[in-house]
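**Student:** One structure coming up, written as structure tokens, with questions to follow.
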Amino acid sequence: MSNKASEVVSLEYSSVKVPYEVLNKKFRQAQKIIDREIAQLNTQIVHITRLPTPELQRQAMPALREKLQNFRNRYADCLTKEGGYAQKCFQRLDHLSEYINNSDVKCEATWRKKRLDKILVDYFLRNSYYETALEVVKSSGIEDIVDTDLFISGREIENSLKAHNTGPCLQWCHENRSRLKKTKSTLEFNLHTQNFIEHIREGDYMGAIEYSRKHLVDNEVINPPERLQETMVLLAFRADTTCDKYKVLRVSS
């Protein structure tokens, strides 16, 4: 392996890894959608074939046609999303090959300038300077080799949490549950715990119990037993409790 290739592998590994992992995720999500849609279509077709008269079967066809059209649209949408990230992978590979296979000094200087701009954008994004990052991306023309969309979606989730809305973050947890379980993350448990506490703060104790049964007890979420016990004990404390451990949980902030 040449020195240039070694340099690219060590410093630019994430450039290809990130879009590939997103592509792999989109593929798995699309596969689940397609399997579910096909199962529903098969069930509907079997139902139609079992109708007692041709007239009833004919009347059921418009609904089946509409469902097939919806399936076609969802399938096309999945292909578009996968194709977009597959294209990103090719663009990143082309960008890296441009450096490895080119010995021209000017071309190499241009490529290194792009890398520097990419590093700056990554720094700005990781430190929440989103507008500055987008300005650098636009002025440098490096839209194809940066992952601003992932950071922007992360900012939206962060803002929703600041607004006491756990919905977007829970959706993200659902989409990435296998990876969260692999790393033994308790993020989803923490979010459900917060929703449980919100029910209690509003005085909706029955709603809190039902929510805990659905999301904290009988769920695939990683539930640390000691944390779960502490959370459930909150049901026994009044709003004016003087117990600091549970009083702090009722604070809206």
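The values are calculated or read from the model by the stated rules, or taken from the named source; none is laboratory data. It should be emphasised that the depicted structure is a prediction, and the values quoted were computed from it without experimental measurement. Cβ sites come from the backbone with ideal geometry, for glycine too, and all protein chains shown count toward neighbours. Heads up: the accessible areas ignore ligands, DNA and RNA and are worked out on the full protein's heavy atoms, side chains in. Shrake-Rupley method; radii C 1.70, N 1.55, O 1.52, S 1.80 Å.
**Student:** Any chance you could count how many residues in the stretch 10-31 are loosely packed, with under 13 Cβ neighbours inside 10 Å and closer than 16 Å to Leu93 by Cα?
**Tutor:** Here the count works out to 5.
**Student:** Say whether the condition of being in a helix (DSSP H, G or I), within 19 Å of Ser10 (Cβ to Cβ) and of a type in the set (Gly, Ala, Ser) is met by at least one residue in the stretch 99-110.
**Tutor:** no
**Student:** Across the stretch 183-236, which residue is farthest from the chain's Cα centre (by Cα) among those that are of a type in the set (Ser, Thr, Tyr) and within 20 Å of Leu161 (Cβ to Cβ)?
**Tutor:** Residues of the stretch 183-236 that are of a type in the set (Ser, Thr, Tyr), as a first pass: 183, 185-186, 193, 205, 211-212, 231.
With within 20 Å of Leu161 (Cβ to Cβ) added as a condition, the list becomes 183, 185-186, 193, 211, 231.
Numbers: Thr183: 16, Ser185: 15, Thr186: 16, Thr193: 20, Tyr211: 23, Thr231: 27 Å.
Here the residue is Thr231.
**Student:** Here is a list: Leu93, Leu116. Which entry is under 27 Å from the mean Cα position of the chain (by Cα) and either of a type outside the set (Gly, Ala, Ser) or open to solvent by 60 Å² or more (accessible area, probe 1.4 Å) (or both)?
**Tutor:** Criteria check complete, one pass: Leu93.
**Student:** Only one of (1) modelled with pLDDT of 85 or more; (2) aromatic (Phe, Trp, Tyr); (3) surrounded by 15 or more Cβ atoms within 10 Å (Cβ to Cβ) fails for Tyr99. Which number is that?
**Tutor:** Result: Tyr99 passes all but (1).
**Student:** Say we look at the stretch 44-60 and pick out the residues that are surrounded by 10 or more Cβ atoms within 10 Å (Cβ to Cβ) and β-branched (Val, Ile, Thr); which of these is nearest to Ser15 (Cα to Cα)?
**Tutor:** Of the residues in the stretch 44-60, the ones surrounded by 10 or more Cβ atoms within 10 Å (Cβ to Cβ) are 44-45, 47-48, 51, 56-60.
Of the ones still in play, those that are also β-branched (Val, Ile, Thr) are 45, 48.
On the way: Ile45: 46, Ile48: 50 Å.
Step by step, filter the stretch 44-60, then rank; the result is Ile45.
**Student:** Also, quick follow-up: Of the residues in the stretch 46-67, how many are of a type in the set (A, V, I, L, M), part of a helix (DSSP H, G or I) and in contact with a helix residue (DSSP H, G or I) (Cβ under 7 Å, 6 or more places away or on another chain)?
**Tutor:** Filtering the stretch 46-67 down to residues of a type in the set (A, V, I, L, M) leaves 46, 48, 51, 56, 60-61, 63-64.
The next check asks that each one be part of a helix (DSSP H, G or I); those that pass are 46, 48, 56, 60-61, 63-64.
Okay, now just the ones that are also in contact with a helix residue (DSSP H, G or I) (Cβ under 7 Å, 6 or more places away or on another chain), so 48, 60, 64.
Final tally of qualifying residues: 3.
**Student:** If the Cβ limit is 8 Å and pairs must be 6+ apart or interchain, which residue in the stretch 146-169 that is over 25 Å from Leu96 (Cβ atoms) pairs with which residue that is aromatic (Phe, Trp, Tyr) and assigned to a helix (DSSP H, G or I)?
**Tutor:** So the pair list comes out as Arg155/Tyr130; Ile157/Trp172.
**Student:** What number of residues within the stretch 123-143 are open to solvent by 80 Å² or more (accessible area, probe 1.4 Å) and within 27 Å of Phe90 (Cβ to Cβ)?
**Tutor:** Looking only at that region, the number is 6.
**Student:** Suppose we filter Ala63, Ala109, Ala5 for residues that are small (Gly, Ala, Ser) and open to solvent by less than 50 Å² (accessible area, probe 1.4 Å); which single one remains?
**Tutor:** Ala5
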